[in-house]
Amino acid sequence: MVAELLGIPCVTQVVKLDVSGAKALAHREVEGGAIVAEATLPSAFTAEKDLTIPRYASLRELVAARKKPILVKEPLHFPGVLEIVSVQYPPPRLPGRVLGKGVEAVPILVKVLHEEAKVI
Amino acid sequence: MHGPILVFAESSGSEFRKSAFEAATEARRLADLLKTEVHGLSIGQGVKDQATSLGKFGVDKVSVADDESLKLFHPDLYRQIALDLAKKINPSVILLPATSTGKDLAPRLAIHLNTVVATECTELEIRDDELIATRPAYAGKVLLKVRMRGNPKVATLRPNVFTAKEVTPPISPRIESLSVEKPATRMIVKEFITHGAKKQDLTEAGIIVSGGRGMGGPENYKILEDLASVMGGVVGASRASVDAGWRPHSDQVGQTGRTVSPTLYIACGISGAIQHRVGMINSKVIVAINKDPEAPIFGFADYGIVGDVFEVVPALTQEMRKYYGKN
């Protein structure tokens, strides 16, 4: 949404990103594979797990971070939003039953999946 | 009088995705409640001939944008086509599947239409002429019911939650071809790299056989592949096995992976940590195979077998082979 408002390209669900000069080559994770897209910078990218490995800050950096100024901004209140009507827990999933131990339980499983659960 | 329900019928290649039919079915249901029409939108290459099949799921009219440049999802091109159509027909609701394409497209549309979007919806209802959407929050720990302030209402529907249902008699939808004008874009969508010959995606699969840390190593997934192949399912993985590098991230089920809702989920050597649970709890039936009788997964699986996956899974494959052979 931010990228659309700014009028810049946005590649979502990025798992691999290579920047060279004013262009970036991004791999987007999609059903069954990846889409390769090239965007001219400035661009926005939304990161998917595995894009980077988070690194731990060193002690020196941690100390330095404490001295950084924090800029506090007032939020803008935007009326056109989702209004929460109710919050509820999903219906609990009750424990089922253990059909047995080891390979002996296998024929029972096939039978209940077919006759009782009717999923095969 | 309500504007039509616009449904984005996503295709994969030249065929509609199952989630497109699910969204169309839900659109039909809402249209009947709101006494309006269902308007389908199909974008892609070679999609024109299949457009009429949306009529089976209750779509009254289909706008088709069929062009070589639309073979792969391009955010700017798809957004422009959908936006132009939405401005023309003034829909009251826009539904999209919560697939990677739908999830990318929905907020882009919403911002240009100056409205809001409810993502990953699991239920929609009309209350006092208003659309109320149910969507999971906090990794599925709670369900929020939200009223959508803004028009049109844009919602993405989680795949496999809504059931695609054919209407009788089927509708012969009116088909309209859209001319494709390319907007200015600074993005080039180059190619699609497939992860091999996987037929189905996890989020759309009806049967998933999933393996966790208990599988011991990447070579042992063969027994899960065998079981999945006999049952016509696909193989998934838990975070432990993805982090160990045994399986690609695209196979991961759970909080930082995919959220799946197959009719049957068989968890093999998976303990059932909360992060995994949220990704698969919406499966219709859950089967757990684990040697640890205390594993949390037995607390929410419908059926469990306590045993060694390396003995139980091959035996199950044998048994399923017999079952599918005679049925």
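Each reported figure results from applying straightforward, stated rules to the coordinates on display, with no laboratory input. Since this is a predicted model, take the numbers as computed values, not measurements. Cβ atoms come from the backbone with ideal geometry, glycine included; neighbour counts cover every protein chain shown.
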Within the set B:G245, B:G211, B:G304, GNM on chain B using Cα springs under 10 Å gives the largest fluctuation to B:G245
Computed for the range B:202-326: size of charge dipole around the Cα centre, +1 on C-beta of each Lys and Arg, -1 on C-beta of each Asp and Glu, debye to nearest 20, value 220 debye
Along chain A, longest interval not containing exposed trypsin sites (Lys or Arg not before Pro), exposed being DSSP loop plus at most 10 other Cβ atoms within 10 Å = A:1-54
In the Gaussian network model of chain A, springs joining C-alpha atoms below 10 Å, which of A:V19, A:V98, A:V11 carries the largest mean-square fluctuation?
-> A:V98
Got a sec to turn the phi values of the range B:59-73 into Karplus ³J(HN,Hα) couplings, 6.51 cos²θ - 1.76 cosθ + 1.60 with θ = phi - 60°, whole Hz, x for Gly and Pro?
-> 8, 7, 9, 10, 9, 10, 10, 10, 7, 4, 6, 9, 4, 9, 4
Using a 10 Å cut-off on Cβ to Cβ distances, tally the other chain neighbours for every residue of B:303-315 and report the average as a whole number.
-> 5
Taking every C-alpha to C-alpha distance in the range B:1-146 and binning by 5 Å from 0, the per-bin percentages run 2, 10, 20, 23, 23, 13, 7, 3, 0
Any residue on another chain or 5+ positions along whose placed amide H is under 5 Å from the amide H of A:V81 is listed here as B:R149
Calculated from DSSP helices alone, with each H run of at least 4 adding -39500 (n - 2.57) and the total divided by the residues of chain B, [θ]222 nm to the nearest 500 comes to -8000 deg cm²/dmol
Separation between the B:T168 and B:K190 pseudo-spin-labels, each 7 Å from Cα along Cα→Cβ, expressed in nm?
-> 5.2 nm
Which value at 222 nm does chain A reach when only helices count, each DSSP H run of 4 or more adding -39,500 (n - 2.57), with the total divided by all residues and rounded to the nearest 500 deg cm²/dmol?
-> -5000 deg cm²/dmol
Toy charge model, Lys and Arg Cβ at +1, Asp and Glu Cβ at -1: the protein assembly as shown dipole around Cα centroid in debye, rounded to 20, equals 820 debye
What is the diffusion coefficient of the range B:198-310 in µm²/s, taking the Kirkwood radius over Cα pairs and the Stokes-Einstein relation at 25 °C with a viscosity of 0.890 mPa s?
-> 184 µm²/s
Mind sorting B:H276, A:H27 by how few other Cβ atoms lie within 10 Å of their own Cβ, fewest first?
-> A:H27, B:H276
In whole angstrom, note down how far apart the Cα centers of the range B:249-295 and the range A:26-96 are.
-> 24 Å
One would report the antiparallel percent of DSSP beta bridges in the protein assembly as shown, rounded to the nearest 5, as 45 percent
Mind listing the Cα extents of the range A:2-52 along all three principal axes, in Å, largest one first?
-> 30, 24, 18
Distance from the Cα centre of the range B:21-56 to that of the range B:125-196, in angstrom?
-> 11 Å
Return P(r) of chain B (all Cα-Cα pairs; 10 Å bins starting at 0; whole %; ordered from short to long distances).
-> 6, 25, 29, 23, 14, 3, 0
Would you mind getting me the FRET efficiency between B:E225 and A:R66? Use the beta-carbon distance for r and R0 = 60 Å, nearest 0.05.
-> 0.70
For the range B:181-279, which GluC sites (Glu not before Pro) are in a loop by DSSP, counting at most 13 other Cβ atoms within 10 Å?
-> B:E181
Please report, in Å, the Rg and the Dmax of the protein assembly as shown, where both are computed over Cα atoms only.
-> 23.2, 72
Ranked on Cβ counts within 10 Å of their own Cβ, fewest leading, B:T134, A:T46 go A:T46, B:T134
According to the Cα gyration tensor, what semi-axes, each the square root of 5 times an eigenvalue, does the equivalent ellipsoid of the range B:184-235 have, listed from largest to smallest in whole Å?
-> 31, 14, 10
Would you mind working out the magnitude of the charge dipole of the range B:5-177 relative to its Cα centre, with +1 at each Lys and Arg C-beta and -1 at each Asp and Glu C-beta, to the nearest 20 Debye?
-> 460 debye
GNM of chain A, Cα pairs under 10 angstrom: of A:P54, A:P92, A:P42, the biggest fluctuation goes to A:P92
Per-residue Cβ neighbour rank within 10 angstrom, fewest leading, B:I297, B:I89 | B:I89, B:I297
